[in-house]
Amino acid sequence: MEKPGRPGRGQPLASGDVIAGDLCNAVAAGRPCLVRVLIGFGSHLVISQPGSDRTAAALRVLVFQVHLDRLHGATIVSAYIVLPVNGASEHAALHFGFETDHRVH
């Protein structure tokens, strides 16, 4: 019997995080459940975990993938839709020292 919360053993971590190996198993073999759609928020699955070739292959098998990120990377290559996001430095409240007046705009 599998113990819940053990990564790579069919159950996600207790925190709800899923590592790339678990995602690959779910896409390829449907264990613990079949994954066909993925929405990624800046997590660079292909380069942040071991087995980047396996992870990239699993992402190509997905029926649909949306990725939101500030930077172009290996993970968004297989995405059907890539949506831009802005970072904290782009927020007007954090532009310390970069103040301008109306004439600059």
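Tabulated values for the structure
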item: Net charge of Cβ neighbours under 13 Å - reference residue 48; Lys, Arg +1; Asp, Glu -1; result: -2
item: Surrounding net charge for residue 80, when Lys and Arg each add one and Asp and Glu each subtract one, Cβ distance under 13 Å; result: +2
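Values quoted throughout were computed directly from the atomic coordinates according to the rules given, and no laboratory measurement underlies them. This structure is a prediction, so every number in the text was calculated from the model and none was measured. Reconstructed Cβ throughout: ideal geometry from the backbone, glycine too, with neighbour counts over all protein chains shown.
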